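The values are calculated or read from the model by the stated rules, or taken from the named source; none is laboratory data. Note that the coordinates shown come from a computational prediction; the quantities given were computed from them, not determined experimentally. With ideal geometry, Cβ positions are generated from the backbone for all residues, glycine too; neighbour counts draw on all protein chains shown.
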Amino acid sequence: MDKFSNIGLEVNFSKCELFVSNSKNVNEKNSIIERFKTLAPNIKISDKHSLHLLGSPIFPESIPSFIENNIHNFNETSDRLLKINSHMALFIIRFCLFVPKFTYLLRSTPLWKFNELCLKLDDIIMKTLSSVLNCHMNERAWTQASLPVRHGGLGIRKISSVALPAFLSSVHKTQNLTSDILSKIFEEPQITFMDEAKDAWLQAGPNLKFPVHLNLQKLWDEPLCILVRHQLLDSAHDIAERARLLAVAERESGFWLQAYPSGNIGTLLDNLTLSVCTRLRLGVKTVEHHRCHCGADVDVFGHHGLSCQRSAGRLSRHATINDVIRRAFVTVNVPACLEPNGLARDDGKRPDGMTLIPWKGGRMLVWDATCVDTLAPSHLQASSSGAGAAATAAENAKRHKYVSLCNNYIFVAFGVETLGPWGPDAWQLYKQLSTRLVDVSGDPGAGTHFAQRIAIAIQRGNAASILGTLPKDSDGDHFLW
């Protein structure tokens, strides 16, 4: 030590740790510790309850104390999220905090074995999400919210749901490396808890089979997510709930949740709009019972506003969708106009837009957009049988109305639904425009951004429609849950 000191090198013993393993003799263990304390004053003595390596607990005994220390950080983070825009906060929770921040721990420890700790962390996430969205969630709504967006959730995952798939994918990813390292010490090295974890995964649901690629977390997680989604569908209280669950699980229904919340590009939702949209997606109570301006009774879910003839958001939503489509055409160097003259039907109504130069086969493209309510009584039976049924029916009706244009123009009925699904014609036009948008801009995400703008317009229209049913002379907050 003196030789190191002579050249300016010193060991900071307060930053060193000592762990004595496999010592059955207490006197021998104490003797080793005392000798190290003499050689290295202030050295930290660790045991199985406190030993960490690279920020992760080594033994199961050290996991509870580690989690308890992190709970305080969770609570502090939750309080800070309430000071910013709710849409931004939702995005941060989904991609930066809680489960994303715990990914390393989930993959490096058997946290899935500590169910009570996982549920405790899940409860903090749920309460934080409820506060950010100003939305009271029951257990059923929280279960749906914790699913990935592609399965109809908000993408705010439960730690108890991700812990097992994360651990299983990690141990299989590192199995060969672990064997190479430990084979020099042990004849047949085994990763602790791996077999137990595989058995726990198989017991999570009926007919589960191990994925083809054992090192991919998504393949371990996906069957469990599908299982939860089917359980929600099978236990739906009525056909309206089933129709909602089918609709929100469609790919296009989650486009608005994938959009970056930015006020500069028009994708940032205000707190009230986000709260109403998430409540509608999760099927929780949105407003108090009241009477709409049209005279109809509005229940606590507020669905009447989506199909009301005097809907406050219908016109603005329709105009925004058409403007987004027109802008997409202009971006790909195809001039287009809204409500073209000279194409009126016998009743005087005109289609929503038309390209001013040929789109395909020497013919101009004419489109007419419509947004129908997924949960309207007239569509409910079909919507509960298959997602997108209402949009498909609306597109068929539009084509029938403008059948006289089909000989001279390419007519596209752009049908979408309030809960998100698109009709087949809308999808076809989207794919064509998306390809050209990517080619022109060089941005591989240009087509997705176009779809996200359509989805954002639908959500804003939904919120305006539901809030538009409230009495004009009332305090809106009084009617919101």
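Here are some notes:
- Of the helices (runs of 4 or more DSSP H) entirely within the range 231-293, those holding at least 3 residues that are among the hydrophobic types (A, V, I, L, M, F, W, C) and over 23 Å from Gln452 (Cβ atoms) occupy 239-248.
- Given (1) under 16 Å from Trp367 (Cα atoms); (2) under 24 Å from the mean Cα position of the chain (by Cα); (3) of a type in the set (Gly, Ala, Ser), index of the condition Ser404 fails: (2)
- Boolean, Leu419 is touching a residue at least 24 places away in the same chain (Cβ under 8 Å) and either in a loop (DSSP other than H, G, I, E, B) or not assigned by TED's automatic domain parsing to the domain that holds Ile456 (or both): yes
Table: residues versus (1) closer than 30 Å to Thr267 by Cα; (2) of a type outside the set (D, E, K, R); (3) surrounded by fewer than 20 Cβ atoms within 10 Å (Cβ to Cβ).
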{"position": "Thr174", "(1), (2), (3)": "no, yes, yes"}
{"position": "Thr192", "(1), (2), (3)": "no, yes, yes"}
{"position": "Leu216", "(1), (2), (3)": "no, yes, yes"}
{"position": "Arg244", "(1), (2), (3)": "yes, no, no"}
{"position": "Val248", "(1), (2), (3)": "yes, yes, no"}
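- Residue within the range 316-323 that is in contact with an Asp or Glu (Cβ under 7 Å, 6 or more places away or on another chain) and assigned to a helix (DSSP H, G or I) present: yes
- Any chance Lys101 is in contact with a Ser or Thr (Cβ under 8 Å, 6 or more places away or on another chain), of a type in the set (Lys, Arg) and free of Cβ contacts under 8 Å to residues at least 60 places away in the same chain: no
- Arg150 satisfies every condition listed in (1) touching a Leu at 6+ places or on another chain (Cβ under 6 Å); (2) of a type outside the set (S, T, N, Q); (3) surrounded by fewer than 18 Cβ atoms within 10 Å (Cβ to Cβ) except (1).
- Total residues in the range 365-395 satisfying the condition of being surrounded by 15 or more Cβ atoms within 10 Å (Cβ to Cβ) and assigned to a helix (DSSP H, G or I): the figure is 10.
- Residue in the range 176-189 that is within 30 Å of Glu241 (Cβ to Cβ), free of Cβ contacts under 8 Å to residues at least 60 places away in the same chain and surrounded by fewer than 16 Cβ atoms within 10 Å (Cβ to Cβ) present: no
- Filtering the range 78-90 to residues that are in contact (Cβ under 8 Å) with a residue 60 or more places away in the chain and surrounded by 19 or more Cβ atoms within 10 Å (Cβ to Cβ) leaves Ser86, His87, Leu90.
- Residue match in the range 290-297 (condition: of a type in the set (Lys, Arg), over 29 Å from Leu233 (Cα atoms) and not assigned by TED's automatic domain parsing to the domain that holds Ser86): yes
- Selection status of Thr278, in contact with a helix residue (DSSP H, G or I) (Cβ under 9 Å, 6 or more places away or on another chain), modelled with pLDDT under 95 and crowded, with 23+ Cβ neighbours inside 10 Å: no
- Test result for Leu246, over 24 Å from Val132 (Cβ atoms) and in the same structural domain as Leu81 (by TED's automatic domain parsing): no
- From the list Leu164, Leu154, the lone residue that is in contact with a helix residue (DSSP H, G or I) (Cβ under 8 Å, 6 or more places away or on another chain), outside any helix (DSSP H, G or I) and at pLDDT 95 or above is Leu154.
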